[in-house]
1. Is there a residue being at pLDDT 90 or above, part of a helix (DSSP H, G or I), buried (at least 24 other Cβ atoms within 10 Å of the Cβ) and touching a helix residue (DSSP H, G or I) at 6+ places or on another chain (Cβ under 9 Å) anywhere in segment 376-385?
2. For residue 101, indicate whether it is buried (at least 21 other Cβ atoms within 10 Å of the Cβ) and either more than 20 Å from the chain's Cα centre (by Cα) or under 14 Å from residue 44 (Cβ atoms) (or both).
3. Report yes if residue 369 is at pLDDT 90 or above and surrounded by 22 or more Cβ atoms within 10 Å (Cβ to Cβ), otherwise no.
4. Suppose the filter is crowded, with 24+ Cβ neighbours inside 10 Å and either at pLDDT 95 or above or closer than 18 Å to residue 334 by Cα (or both); does residue 245 pass it?
5. Hey, any hits in segment 325-332 for a residue that's within 19 Å of the chain's Cα centre (by Cα), surrounded by 22 or more Cβ atoms within 10 Å (Cβ to Cβ), part of a helix (DSSP H, G or I) and at pLDDT 90 or above?
6. Which residue, of 106, 180, is in contact (Cβ under 8 Å) with a residue 40 or more places away in the chain, at negative phi and surrounded by fewer than 24 Cβ atoms within 10 Å (Cβ to Cβ)?
7. Conditions first: (1) within 26 Å of residue 149 (Cβ to Cβ); (2) in contact with a helix residue (DSSP H, G or I) (Cβ under 8 Å, 6 or more places away or on another chain). Residue 77 passes all but one, so which condition is the exception?
8. Residue 264 is checked against (1) closer than 21 Å to residue 41 by Cβ; (2) surrounded by fewer than 22 Cβ atoms within 10 Å (Cβ to Cβ); (3) within 19 Å of the chain's Cα centre (by Cα) and fails just one. What number does that condition carry?
């Protein structure tokens, strides 16, 4: 007999969101560390500034490759099994980062970044896990709260460089690598939190609630990448959401991944670079609850368009003020805010535009495409920095933001004004 009444589901949703949020705090430390130190290690080990964005690129590539396998694992074993597995793989990547720095191997550094990318895929899937049991009118808020808690770890990561250096000296590790001891520990703690906190699994409970109250939940339909995309043909709301998250993430990664290299070449200290990246990450996450609330109030499409306006503004500030650490920092903060608005709105739009049976596989496709766009952005950023300069790269990113925003808006105008039946599930 199914005992999951409305009150029980609400209590378990609060526990689920709390557990996901706490895990994001610890796993976010790894993200912040890679963003701030990865580019410096890449240049140091490769000997070429053109490889400055390579670690961020391989990180997003790792997230792309892990997204669909994690989605399939979530369908087969539930959210808990998928998220914990991904965090353990990422912790192995943090350990391999230390090995790469110790032996001075650039290829090993890239392999480590690939494994750490699984942690980024987990962070992406965690925000969707927060919507499994959420009421339709609270999806944006529950999702954004989990995104917001990443702020604590992600902002702390770059500012733990000094602590990491002390740990590295105590353990006789190479420069920059001590931070990954902290990163690996955070990922392991996050895995423990989810192992304990996500019982019973929220996706299993959600499937039970969508059945005729039978005691045994049905198995979800497991779809691959191509079949899922094919199933979305004609669903302009969902396709617009995919375009939104792809464009916003690709633009953000492109500009963010090479900013530390640009600032380093213009005489910025490691401390200034760390503060800039921290403020950028704060822009990505700190106002997430407000963005989620506004998404529920003014609608996801309007918030997505607001995100693209912020992305264009960010490119203007960072590009025009490329020679000023202050203006670059302002641009990076706006870049983070634009990413936040577009991706939260896009995720909420995806959750409300497909059926409950499609949701996990579509979310896997979304994360795969989003990470793939980020990987492409990172590759092009290194080339763009070398050929166009930082100001030219920002100009190109601003133009791209306008184009993608217009495409997403046109697709939304062609979609029905009412949400799908899925929004009520």
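The values are calculated or read from the model by the stated rules, or taken from the named source; none is laboratory data. No experiment lies behind these values; they were computed from the predicted model shown. For neighbour counting, all protein chains shown are included, and Cβ atoms are generated from backbone atoms with ideal geometry for every residue, glycine included.
1. No.
2. Considered against the rule, which asks whether it is buried (at least 21 other Cβ atoms within 10 Å of the Cβ) and either more than 20 Å from the chain's Cα centre (by Cα) or under 14 Å from residue 44 (Cβ atoms) (or both), residue 101 comes out as yes.
3. no
4. Yes; evaluated as a whole, the condition is true for this residue.
5. To start, the set of residues in segment 325-332 that are within 19 Å of the chain's Cα centre (by Cα) comprises 332.
The next check asks that each one be surrounded by 22 or more Cβ atoms within 10 Å (Cβ to Cβ); those that pass are 332.
When the remaining residues are screened for being part of a helix (DSSP H, G or I), the result is 332.
Adding the requirement that they be at pLDDT 90 or above leaves 332.
So far as segment 325-332 goes, yes, one or more of its residues are within 19 Å of the chain's Cα centre (by Cα), surrounded by 22 or more Cβ atoms within 10 Å (Cβ to Cβ), part of a helix (DSSP H, G or I) and at pLDDT 90 or above.
6. 106
7. Among (1) within 26 Å of residue 149 (Cβ to Cβ); (2) in contact with a helix residue (DSSP H, G or I) (Cβ under 8 Å, 6 or more places away or on another chain), the lone unmet condition for residue 77 is (2).
8. Of (1) closer than 21 Å to residue 41 by Cβ; (2) surrounded by fewer than 22 Cβ atoms within 10 Å (Cβ to Cβ); (3) within 19 Å of the chain's Cα centre (by Cα), only one is false for residue 264: (3).
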